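Below: one structure, written as structure tokens.
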Amino acid sequence: MRQIESPQNRHFKEWKKLLRRKGREKAGLYLVEGEHLVAEALKEKGVVKALIFDASRTPPELPGAEDIAAFSLSAPLFKELCATEAPQGVLAVCAVTDDKLPEDARRFLLIDAVRDPGNLGTLIRTADAAGLDAVILGPGTVDPYNDKVLRSAQGSHFHLPVRSAPLSEIIPALQARGIPVYGTSLAGADLGGWGPVEAFALLVGNEADGVDPVLLAMTDANVRIPMYGRAESLNVAVAAGILMYHFRGLSSR
């Protein structure tokens, strides 16, 4: 394990750049913090490029870490790379994957300009739990490799593809494959009129403004969740969870 104690070390300087979106996008890399998330990343072959440990703590045992380059940083330097108040002593440098979407994918979550990191992470995690095949992020959506998004998603980034693409191109492409696209709108049809479907793409939108009307005009149908109480609307992640499970159905398929 290589020891690093100087802030002028070239590796450390490159890792610090990953704390910003611009640096992540330029390098095609991002940092994952904490034993659980690092362990999840190690399960996916080729994702983890380096492991970084706090020299003041005993390194955790991590299956799959044997052939990964490992570095030990002095506690002050390690802290500079962490976003949490109480770091767990391990970070992973991970590669952004650009694998093509599975050809047999049939259930998608499309996200239009969701800007809150906690919401995006919860959306990705819920899509994973509901057995969707991919999450596609439209322009204006928060960086999926933001540290708050990663923590909120709890490792689901490593379980299903999370891709960025213009939704105005994705929607007709999915429809051409026979996959209906359902938008979400307060002016949409009541959800009770729709049952589980074998294939679908669910389109959800910005916390304040909802889905772009241009995109809503492209969908096969727009739906809404009935409000039985006095609340006017639901949080986007909560609403998406209800809708994903509704369209997915409760069978074990």
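The values are calculated or read from the model by the stated rules, or taken from the named source; none is laboratory data. Not measured: the values here are computed from a predicted model. Positions of Cβ are backbone-derived with ideal geometry, glycine not excepted, and every protein chain shown enters the neighbour counts. Each accessible area value is taken on the protein alone, full model and side chains, heavy atoms only, with ligands, DNA and RNA left out. Shrake-Rupley method; radii C 1.70, N 1.55, O 1.52, S 1.80 Å.
Between 0 and 90 degrees, the angle of helix 236-248 with respect to the longest Cα principal axis of the chain falls at about 60 degrees. If only the Cβ of Lys and Arg carry +1 and only the Cβ of Asp and Glu carry -1, the dipole of segment 1-131 around its Cα centre is close to 560 debye. Distance between the pseudo-spin-label points of Val96 and Ala27 (7 Å out from Cα toward the beta carbon): 1.3 nm. Roughly what % of DSSP beta bridges within the chain run antiparallel, to the nearest 5? Antiparallel bridges: around 30 percent, rounded to the nearest 5.
For Ser233, neighbours were defined as the other residues whose beta-carbon sits under 12 Å from its Cβ, and their charges (Lys and Arg +1, Asp and Glu -1) total -1.
Seen against the Cα atoms of the chain and their longest principal axis, helix 167-176 is set at about 60 degrees.
For the chain, the carbon plus sulfur part of the accessible surface works out to 51%, probe radius 1.4 Å.
Charge dipole of segment 2-72 (Cα centre as origin; +1 on each Lys and Arg Cβ, -1 on each Asp and Glu Cβ, all else neutral): 640 debye, rounded to the nearest 20.
Quick one: accessible area per residue over the chain, 1.4 Å probe, rounded to a whole number of Å²?
Per residue, the chain has an accessible area of 51 Å².
Modelled spin labels at Arg20 and Tyr228, positioned 7 Å past Cα toward Cβ, are 5.0 nm from each other.
To the nearest ten degrees, helix 117-129 and the longest principal axis of the Cα atoms of the chain are 70 degrees apart. Pick out, from Ile4, Val162, Leu132, the residue whose Cα sits farthest towards the positive end of the charge dipole of the chain, with +1 on the Cβ of Lys and Arg and -1 on the Cβ of Asp and Glu. Checked the options; the winner is Ile4.
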